[in-house]
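One structure below.
The values are calculated or read from the model by the stated rules, or taken from the named source; none is laboratory data. As the structure is a prediction and not an experimental result, all values here were calculated from the model. No Cβ is skipped: glycine too gets one built from the backbone with ideal geometry, and neighbour counts run over all protein chains shown.
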């Protein structure tokens with residue numbers, strides 16, 4: 001993704017934020033990203049389920065009940081610490097996010113990716129809406145300024161499906177194995193608690209780097 005500077009010259013992103021709408025830790029990161037990380041930043045939707053398959057891993061949310069309870073408590077505590085709305089967990093969670101991630105992929109192609117991503121994250125974790133339900137995804141799309149009909153059509157578009165799959169494969173090849181991950185000059189910072197580390201790495205980059 002490119003941004004355009006005041007001079008009209010393209011400015012390449014300084015960092016890339018990899019996310020999946022099913023991740024509450026990615027939600028916590030997305031809510032703080034613009035306050036903490038220097039722009040320009042590319043937001044890259046990827047399929048966490050596909051990353052898990054590629055890496056032979058699984059989600060902590062699908063593991064032992066004790067680990068799941070601890071993870072949920074951690075997310076809720078962090079949301080309070082960051083001054084965000086109390087977490088409202090969708091039921092069920094986690095669920096199938098493929099439709100939502102295809103919608104996110106289209107939203108970025110349409111130039112409204114960040115607005116859609118934040119709206120969808122808030123639908124899920126601030127309001128408890130299940131993003132496996134197309135209607136909830138389309139509500140977020142409309143809030144972001146997208147045409148719900150176009151989004152619905154895009155989720156079935158082979159090119160959108162390929163774009164998400166290709167982005168996920170490329171992330172895996174870079175070493176991304178979970179979300180949220182922020183990449184800065186090839187260095188990967190995985191986890192909501194590494195956001196400040198990524199910001200520090202950006203600060204230490206040579207000017208013009």
How many residues of segment 62-84 are assigned to a loop (DSSP other than H, G, I, E, B) and touching a helix residue (DSSP H, G or I) at 6+ places or on another chain (Cβ under 7 Å)? The answer is 2
Given the conditions (1) closer than 21 Å to residue 103 by Cβ; (2) free of Cβ contacts under 8 Å to residues at least 60 places away in the same chain; (3) surrounded by 13 or more Cβ atoms within 10 Å (Cβ to Cβ), and given that residue 197 satisfies all but one, which numbered condition is not satisfied?
-> (1)
Any chance you could count how many residues in segment 155-209 are in contact with a strand residue (DSSP E or B) (Cβ under 9 Å, 6 or more places away or on another chain), modelled with pLDDT of 95 or more and part of a loop (DSSP other than H, G, I, E, B)?
-> 7
Residues of segment 123-154 satisfying the condition of being in contact (Cβ under 8 Å) with a residue 60 or more places away in the chain and either under 13 Å from residue 27 (Cα atoms) or in a helix (DSSP H, G or I) (or both) = 124, 125
When segment 33-59 is examined, which residues are found to be surrounded by fewer than 16 Cβ atoms within 10 Å (Cβ to Cβ) and touching a helix residue (DSSP H, G or I) at 6+ places or on another chain (Cβ under 9 Å)?
-> 34, 36, 38, 55, 57, 58, 59
Hey, could you check segment 1-25 for residues that are in a loop (DSSP other than H, G, I, E, B) and touching a helix residue (DSSP H, G or I) at 6+ places or on another chain (Cβ under 8 Å) and say which is modelled with the lowest pLDDT?
-> 1
